[in-house]
Every structure is written in C-alpha cells, then in structure tokens.
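This report concerns only the one structure given below.
The values are calculated or read from the model by the stated rules, or taken from the named source; none is laboratory data. Just so we're clear, the structure is a prediction, and the values are computed from it rather than from any experiment. Virtual Cβ from ideal backbone geometry, glycine too; neighbours counted across all protein chains shown.
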Amino acid sequence: MFERESMEDSVLISRFKSGDTEAFAALYDRYKSVMAAYVYALTGSREEADNIVQEVFLAVIRRADSLTPEGNFRAYLLTRSRGLALNLRRVRVPESGDCPDVAADAPGPAEIAESAENVERLDDALAALPREQREVVALRAHAGMTVNEIAEMLGEPVGTIKSRYRYALEKLRTFLGEEEQ
C-alpha cells in the first residue's frame, strides 16, 4: 500500500488511469467532503449534495481516459459539482431542520441546542445571500480556494470575486449581528 494522503493529485490520477482502485479511493476521500459542503451551500440540501458528489465521481470513473494528471482536479470536481447543482436548483431555500450533524462525543443538551441554533442562524444567513455571493463564500470556506482560483473556475474577473466575497461578509455580519439583538 502507498502513502496516499501525501501523494499529489497528478500521481493519483495517473495511477487511477492505470487501474489502481486505491488511487481512486484516495481522490474520493480527499474531495468528497469539500464537494458536499460546497454543493450544500448552493442547494441547501444534504441529500442533493451527497447525490451530486456520487454523480460527479461516477462521471470521473466513466471518463477516466479523458482525465489529465496535469490539470487542477479540485477545480474540475467543483466545476462539475457546480453545474449539476445549478441545473438541479436555480435558487432554493434550505429545508427546515436540515443542518450539519453535531459532534457525537461531547456537548450536553444545552450546548447542543445553542450549537444547533447557531448553525441554523448561519444557514439562514447564508441562504439569504445572493447565489453568486454564497458560492464564493462556499468556495473560500469549504474548498479553501484562493480568490484567483475561484475567479478562474467561475470565469469571472478577480475584482468581481473580491467584491462578491466582501459584500457577502458584510451581509453575514449584518444579518448575524441583527439576530443577536
């Protein structure tokens, strides 16, 4: 077995194209959570996010021959995820009660209630953002992408991405600040 966590995407893609299923598993493990969080930010549905992640990785399997190890695999996955999410739901408000899982090992009922309330407030604040701003926040927060990477992925000028991010953060601060009062 190889040390898959430290391997570059390009090496894993080359191995996968040669039939190494462990390499595919490494790529899947590396990106499934990032993709799911990003799609959830776009759709507001964990179920749809999981379905889209599966669909994108099935497409990777079907189109393995066309993968290029030199390309940006993370951007490829997120772009495909974005396309499917936007086709599925143009604009959708998150379902009530659909919030991230709470860690199973620690907090008591009071902490859980407060945490769930904070998650719900944040979900509401994110859902209130225009899709373009919500998307930039999701790519920065969940995918860890730089402004330049986001601009390249979305085909937008860097200045536009910076503005969307700044306006999104301002709106989130305002929304969350008003909720506390």
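For region 68-87, check the following and say yes or no: at least one residue is in contact (Cβ under 8 Å) with a residue 60 or more places away in the chain and among the aliphatic types (A, V, I, L, M). So far as region 68-87 goes, yes, one or more of its residues are in contact (Cβ under 8 Å) with a residue 60 or more places away in the chain and among the aliphatic types (A, V, I, L, M).
For the structure I just gave you, tell me whether R80 is surrounded by fewer than 14 Cβ atoms within 10 Å (Cβ to Cβ) and of a type in the set (K, R).
Values: surrounded by fewer than 14 Cβ atoms within 10 Å (Cβ to Cβ): no; of a type in the set (K, R): yes.
Judged against the criteria, R80 is not a match.
Looking only at region 15-57, which residues are in a loop (DSSP other than H, G, I, E, B) and touching a residue at least 60 places away in the same chain (Cβ under 8 Å)? G44, the sole residue that qualifies. Of everything in region 130-150 that is outside any helix (DSSP H, G or I), surrounded by fewer than 20 Cβ atoms within 10 Å (Cβ to Cβ) and on the phi < 0 side of the Ramachandran plot, the residue that is nearest to the chain's Cα centre (by Cα) is H142. Evaluating A85 against the criteria (1) more than 28 Å from F16 (Cβ to Cβ); (2) hydrophobic (A, V, I, L, M, F, W, C); (3) modelled with pLDDT of 80 or more leaves one unmet condition, (1). Every residue in region 37-56 that is β-branched (V, I, T) and farther than 11 Å from A138 by Cβ, please. I52, V53, V56, listed by residue number.
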